[in-house]
Amino acid sequence: MSANIQAVRGMNDILPDEAVWWRDFEARVESWLERYAYRNIRMPLVEHTQLFRRAIGEVTDIVEKEMYSWRDELNGEDLTLRPEGTASCVRAAIEHNLLYDGPKRLWYAGAMYRHERPQKGRYRQFHQYGVEALGLEGPDIDAEHIVMCAALWRDLGLEGIRLELNTIGSAEERARYRADLVRHLEANAGRLDADARRRMHANPLRVLDSKNPMVQEVVARAPALMGYLGEESTSHFDGLRRLLAAAGVPYTINPRLVRGLDYYNRTVFEWISDALGAQGTVCGGGRYDGLFAQLGGKPAPATGFAIGNERLIALLRDGARAPAIRPPDAYLLSHGDGTQEYALTLAEALRGAGYAIVQHAGGGSLKAQMRKADASGAWAALIVGTDEVRDGEVSLKFLRKAEPQYRIARAGVVAAFADALQKART
Ligand code: HAM
């Protein structure tokens, strides 16, 4: 016997009982996005590999080792399953000249793919909602995004999600800082691990967020990026801080927060929950003013963030009751020759009027069908036998209330069903 084929490691099924949570989460997130007047955009799951190499950066975990990339031999193209959405969103904005009539506030949702080592809260296929504001340069829009996140946690009833904030200045400011940082790291190379030594020259800023305590000690004595910021970067950050204070959003400044993607400048932030273990970051983002030009577009400032659905849903589920599932309105059963055809059009008429109807399938005795009707959670069973067909009627039985069963005319079934529903509710 051949072995069963299972799902790919790190790529999960979301079964119906779990999908209830997902749908509830998605409905709440999307109503929140509407209240901030963001518009939906949908990009392909597959892009040219070069897009991510250029946008995310060659010396990042994602590009170095986490992308699902392959060569499409038919077209001779190098393609990649998207590891994130920002690069695609900016590519689409450039390709379709989306900013021609001004800035855009956009959101997207969907699966992202990273070949990471799976563990709790970290998957190879995971889902994000991404939010991007394209063409806006002031700290006001950075503040809008952060305030927006705080509002979402409130809407979702989630407490204890804290904000870490940093500014990483402009590319020029970072270049000056980088030179001094590399000097410091070189002087302490003996106390760096292999990863930090490798990154020291290729991407020294990433050494700052090393988790290794020995490397952290070296980092703690390194010069601080904050000290290298010019007037504009400083006033941008001050402006953001003023707005956050006005909105009453607390945060801590984490000077080591640099994020895992290279397109950022100035503002970067992460929202972290301590209730999730090692993978506690539920949201991350920041400003990426250089990305449009880097991808060949007309320069445009931009900022955004993405939330991790799996992690937020895990927080929502923790100790909470599952969202209510709406049971069907009626379970329709039929018994006898020629009754199925009659029942089928009856079911369609009621569905057409907006009712959720389960039509029994698979045959069986009336008694067995009635047991299914009861288990379905519906408030009514509709019964079609040969008598009902002959008389042009249908029998209605209340399943949750002691009311006598009665017949209703097929011709006025929608109105009669509405009346019965009223009765069932009183
Ligand atoms: P990111 O920090 O790589 O940023 O991902 C955002 C969020 O996605 C993380 O905070 C986390 O909640 C979730 N996430 C990331 N990787 C995984 C994984 N392997 N398993 C489960 N959840 C994961 C971005 O992707 C940027 N595009 C965000 C952004 C938008 N910046 C500007 N605009």
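Only the coordinates and a few stated rules stand behind these numbers; no lab work does. Owing to the predicted nature of the structure, the values given are computational and were not obtained by experimental measurement. A quick note on method: Cβ atoms are made from the backbone with ideal geometry, for glycine too, and the neighbour counts reach across all protein chains shown.
The trypsin sites (Lys or Arg not before Pro) of the range 1-62 meeting both criteria, a DSSP state outside H, G, I, E and B (loop) and at most 13 other C-beta atoms within 10 angstrom of the site's C-beta, are R9, R42. Applying the Kirkwood pairwise sum to the alpha-carbon positions of the range 34-84 produces a hydrodynamic radius of 12.4 angstrom. The range 186-306 gives an Rg/Rh value of 0.99, both radii derived from C-alpha positions and Rh following Kirkwood. If you sort the three axes of the alpha carbon gyration tensor as a ≥ b ≥ c, you get a/c under 1.5 for the range 330-424, which makes it rounded. Spin-label model, E217 to E172: label points 7 Å out along the Cα-to-beta-carbon direction sit 3.9 nm apart. Inter-label distance, R154 to N97: 4.1 nm, where each label sits 7 Å from its Cα along the C-beta direction. The range 201-244 and the range 73-127 have Cα centres separated by 27 Å. For K372, a cut-off of 23 angstrom between C-alpha atoms picks up these lysines, skipping any fewer than 8 places away in its own chain: K397, K401, K423.
For the range 380-426, treating each Cα as an identical point scatterer without solvent, what Debye log10 I(q)/I(0) comes out at q = 0.13, 0.20, 0.29, 0.32 1/Å? For the range 380-426, the Cα-only Debye profile gives -0.27, -0.61, -1.10, -1.24. Straight-distance candidates among the aspartates and glutamates for linking to K120, with alpha-carbon spacing under 17 Å and chain neighbours fewer than 8 residues away dropped: D13, E18, D274, E310, D318.
The alpha carbon radius of gyration of the range 10-158, expressed as a multiple of 2.2 N^0.38 Å, is 1.15. Looking at the range 83-159, the trypsin sites (Lys or Arg not before Pro) that sit in a DSSP loop and have at most 12 other Cβ atoms within 10 Å of their own Cβ are K120. Over all orientations, the range 90-226 has a Cα convex hull whose mean projected area works out to 11.7 square nanometres. A convex hull fitted to the Cα coordinates of the range 250-377 yields 250 cubic angstrom per residue. List the GluC sites (Glu not before Pro) in the range 129-201 that DSSP assigns to loop (not H, G, I, E or B) and whose Cβ has at most 14 other Cβ atoms within 10 Å. Which are they? For GluC sites (Glu not before Pro) across the range 129-201 that sit outside H, G, I, E and B with at most 14 neighbouring Cβ atoms in 10 Å, the list reads E159.
Once divided by 2.2 N^0.38 Å, the Cα radius of gyration of the chain becomes 1.30.
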